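Reviewing the structure listed below.
The values are calculated or read from the model by the stated rules, or taken from the named source; none is laboratory data. The structure displayed is predicted, hence computed values, not measured ones. Positions of Cβ are generated from backbone atoms using ideal geometry, with glycine treated the same way; all protein chains shown enter the neighbour counts. Side chains are part of the model used for accessible areas, which takes the heavy atoms of the whole protein and leaves out ligands, DNA and RNA. Shrake-Rupley method; radii C 1.70, N 1.55, O 1.52, S 1.80 Å.
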Amino acid sequence: MSDFRKAPPAPPEANLGNITPFRPDRRRQVCGLLKSLSVLGLLCFLIYSVWNYHEQLSLTNLRRMAAYLSDAWASGGMGAAGVSFPFEADSVYCSFGDGLAALSGDTLSFINAQGQEQLRAQLKYANPALSAAADNLLAYDRGGKSLCLTNRYAALWQIQLESDIISASVNYNGAFSVVTDEQGYRAAVTLYDNRKKPRFKWSTSEYYIMKSCVSPDARRLAALCMSEEGGRRVSVVRVFATDREEPLFDIPLGDLTVYSMEYYEQDSLMLVTDRGVFSYDEEGQERGRFEYSKGAAVTFCHEMGRLPCVVLETGEKNQRSRAAVIDENGGLAFDRYYADAARDISYGGDYVALLLRDRVEQASILPGGEETSCQEVNARAVLQREDGGLVLIYADRAELLYLD
């Protein structure tokens, strides 16, 4: 018996109308329609962006975007180490959040640790300056009247003052003080609370006010004042409680030159000067001092809530530079010598970063802490991040680096 199957008989003519025909394949048309909608949406987005942000489409910004694409293409994407982004030579900068804040003559930017620009604001400042604490960033035009307070994502408040700005400083909670060249006075200092409301103001015809800083709870304001006595310059720190007009106390400094003044804690005000580092308690009494017994200060790093660190030029051949972190009692939280001349120092987290002639050194301040270095570094400045990463500042770019 042969093994085969017979073909089914043809359906009767009456049943042909009951057979459902296959639907035509329209997948290609649907895909084409979706692509057309995507292109149309992209075109609408470009038109919207150009219409709303045409003022920011300068040649400098176009070059910056091209540099971003070039860096990303060259590196195959931005990894955790080796992140690089363009940097204008005339920019001022500071460590801010998990990245870097940079302010040129017309643009304020915040670039995070991944190399992404989270904040961009157009600020026309002739002499830009920055002050940062925690998530608060204060940008101002030194010698001008413009001031801007931001966080890491947006500009929160901008104002045009009536008087020229001498200096400004922000604290952790967003309160800040501004020193101005007040008409009819030698100077004035105003404290604004974290709601941007003026809370305290002191105007003086006796002193020139150079710097100011606000305590962590914004209940105290310290002002660095200068005057002349017998033909010589003398300095004094005047501390106010912001709920009364009369000062709490004065801290006479004589002819010391003060480089930096910041609150370390609520009851601890620390000064970096040309002769040493000094700490004062809540009553204005000296708590501790570290005098430069040998050598002069070459560079320093001092931020609110952090201990100051300084580099001293010792003059010795094999121990030319001394890096030190000074605590509030005048003791040394870190003390190390280096054979080469130092160009910059930074302190953050548990690490100190020191930029030497041709390399960068990173050391832990903890007992028995490790020390690492990176050779052939010709950066002009270094910033130590809280997580151990470094930001190297070059003339045309900034780079994020992690040392193994």
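Worth a mention:
- Pairs with Cβ under 6 Å, 6+ apart, first in the stretch 73-99 and part of a strand (DSSP E or B), second at pLDDT below 50: S84/D71; P86/R64; P86/A67
- Residue that is surrounded by the fewest Cβ atoms within 10 Å (Cβ to Cβ), among those in the stretch 295-309 that are small (G, A, S) and in a strand (DSSP E or B): A296
- Residues that are over 25 Å from the mean Cα position of the chain (by Cα) and within 21 Å of A297 (Cα to Cα), drawn from the stretch 238-273: L253, G254, D255, L256, T257
- Checked against the criterion of being closer than 21 Å to A223 by Cβ, of a type in the set (A, V, I, L, M, F, W, C) and assigned to a strand (DSSP E or B), the stretch 280-294 has no qualifying residue.
- In a residue-by-residue description of the stretch 372-386, the property of being out of contact with any Pro (no Cβ under 7 Å at 6 or more places or on another chain), under 30 Å from D281 (Cα atoms) and not in a strand (DSSP E or B) applies to at least one position.
- Any hit, the stretch 329-344, residues being touching a strand residue (DSSP E or B) at 6+ places or on another chain (Cβ under 6 Å), under 20 Å from G305 (Cα atoms), in a loop (DSSP other than H, G, I, E, B) and at pLDDT 95 or above: yes
- Some residue of the stretch 140-155 being modelled with pLDDT under 95, in contact with a strand residue (DSSP E or B) (Cβ under 8 Å, 6 or more places away or on another chain), open to solvent by less than 60 Å² (accessible area, probe 1.4 Å) and aliphatic (A, V, I, L, M): yes
- When I166, I111 are checked against the criterion of being open to solvent by 20 Å² or more (accessible area, probe 1.4 Å) and touching a residue at least 40 places away in the same chain (Cβ under 8 Å), a single residue qualifies: I166.
- The residues listed here are R233, R244; of these, the one that is out of contact with any helix residue (DSSP H, G or I) (no Cβ under 6 Å at 6 or more places or on another chain), of a type outside the set (A, V, I, L, M), open to solvent by 50 Å² or more (accessible area, probe 1.4 Å) and not in a strand (DSSP E or B) is R244.
- Near pairs, Cβ below 8 angstrom, 6+ apart or cross-chain, from the stretch 257-277 (within 11 Å of E328 (Cβ to Cβ) and open to solvent by less than 50 Å² (accessible area, probe 1.4 Å)) to any residue that is part of a strand (DSSP E or B) and polar (S, T, N, Q): S268/S279; L269/S279; M270/S279
- Candidate set from the stretch 155-173 (those that are farther than 14 Å from L130 by Cα and not in a strand (DSSP E or B)); member that is nearest to the chain's Cα centre (by Cα): Y172
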